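The values are calculated or read from the model by the stated rules, or taken from the named source; none is laboratory data. Bear in mind the structure is a predicted one, so any value in this text is a computation, not a measurement. When we count neighbours, we look across all protein chains shown, and the Cβ atoms used for this are built from the backbone with ideal geometry, even at glycine. Areas reflect the complete protein model, heavy atoms only, side chains present, ligands, DNA and RNA absent. Shrake-Rupley method; radii C 1.70, N 1.55, O 1.52, S 1.80 Å.
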Amino acid sequence: LLDAVERELGQAGVPVRRADWRLDQVPDHLTITFRVFDGAVTLARGKDLAALTRQVQPQLRATLSAAGGDLQRRGLRGWDIGTLPRIHQYERAGQLLTAYPALVDEGGTVAVALLPTEAEQRRAMWAGTRRLIRLAVPGLIKSVQRGLNQQARLVLARNPDGGVEALLADCADCAADALIAAYGGPPQDEDGFAQLRDRAHTELADAARTVVAHVQRILTVAHTVESRLAELTAPVLAAAVADVRKQLASLVGPGFVTATGAQQLPDLARYLQAIARRLDKLPRDPDRDRDWMHRIDAVTQAYQQLGDGPRPERIRWMIEELRVSYFAQELRTPYPISDQRIYQEINKLA
């Protein structure tokens, strides 16, 4: 609908961007009412589809669990489940329903569960495979920790995960993700996992050390930025300082290493360097900084309006590159970037 309205208005000479819409201001009587049925029984109804989905998740998972039979397992510490099917179909009330089996990370072990969507299956399968890989290489954290010198320990001690061991676990998870990605994604059978496990035995420790080296550089710059923020106390700079604190929290928060990914970690260091350059320039021209900040805010709001579900990470990183292009042009971006390019990517998904 929005695509069509934007197109018609554009032909009439009124350009409308996706960020211009204020869907939260549409009256309730003009929005869709959703109802969730289980046979003839209405389980839930309302205007917010994402909220309804969350509301009926317990019933849905209970239904899937009852249909799982022998396929479901708990307490796994290795792959002894043969081949894991990609789909599981069963009949209920005369309808053929489809569920998606996946490995699910339970913390110290792994389970096999039936999930309602392919998207949930992909996310769970990745995390479950990561857990099995970590279990297959015991002692990894202690091995990496023994190789740290005193300076590295001091830098890594100040981290959002709460302790060096927690941070190193985050780094190990990130390294495991990179190994799984290089393998082509999570395996579906025992032979595939055995090959991945063998690679982990020979490659995971070195990959984790490489990740830790990147993280040490990232935290060094982050500490510098935090020190600079404490010095910028003038009221005219307050909005920019708040913006930087919010950006810093989004980039370097709990679990940030795995969330960022090994491939993106060098760019994360550059984004933090761009923040430091911004803070250096801020007192000289706060008005220009404010103008750029408002443009970033507009793009970010358009991105956030894509919905409650997982948003494309590439657009998130494009917004960070846009910040670099505004506040620290001298650091350069790996590809041309502008507000309009990001709006175009958002419009493709909206």
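Please verify whether region 287-299 includes one or more residues that are without any contact (Cβ under 8 Å) to a residue 40 or more places away in the chain and within 17 Å of the chain's Cα centre (by Cα). Looking for residues that are without any contact (Cβ under 8 Å) to a residue 40 or more places away in the chain and within 17 Å of the chain's Cα centre (by Cα), one finds none in region 287-299, hence no. The residue list R314, R288, R332 contains one member that is out of contact with any His (no Cβ under 9 Å at 6 or more places or on another chain), open to solvent by 50 Å² or more (accessible area, probe 1.4 Å) and on the phi > 0 side of the Ramachandran plot, which is R332.
Screening region 58-88 for residues that are outside any loop (DSSP other than H, G, I, E, B), open to solvent by 40 Å² or more (accessible area, probe 1.4 Å) and in contact (Cβ under 8 Å) with a residue 24 or more places away in the chain and picking the one that is farthest from A194 (Cα to Cα) gives L60. Taken over region 150-204, the residue count meeting the criterion of being in a loop (DSSP other than H, G, I, E, B), among the polar types (S, T, N, Q) and over 30 Å from A222 (Cβ atoms) is 1. Say whether the condition of being touching a helix residue (DSSP H, G or I) at 6+ places or on another chain (Cβ under 9 Å), more than 23 Å from L237 (Cβ to Cβ), of a type in the set (S, T, Y) and modelled with pLDDT under 95 is met by at least one residue in region 292-306. Yes: one or more hits. Flag: R45 matches the condition of being open to solvent by 60 Å² or more (accessible area, probe 1.4 Å) and assigned to a strand (DSSP E or B).
Could you identify the single residue in R209, R278, R217, R228 that is assigned to a helix (DSSP H, G or I), surrounded by 21 or more Cβ atoms within 10 Å (Cβ to Cβ), over 21 Å from the mean Cα position of the chain (by Cα) and not aromatic (F, W, Y)? After applying the criteria, what remains is R278. Hey, any hits in region 9-28 for a residue that's modelled with pLDDT of 90 or more, in a helix (DSSP H, G or I) and open to solvent by less than 80 Å² (accessible area, probe 1.4 Å)? Yes, region 9-28 contains at least one residue that is modelled with pLDDT of 90 or more, in a helix (DSSP H, G or I) and open to solvent by less than 80 Å² (accessible area, probe 1.4 Å).
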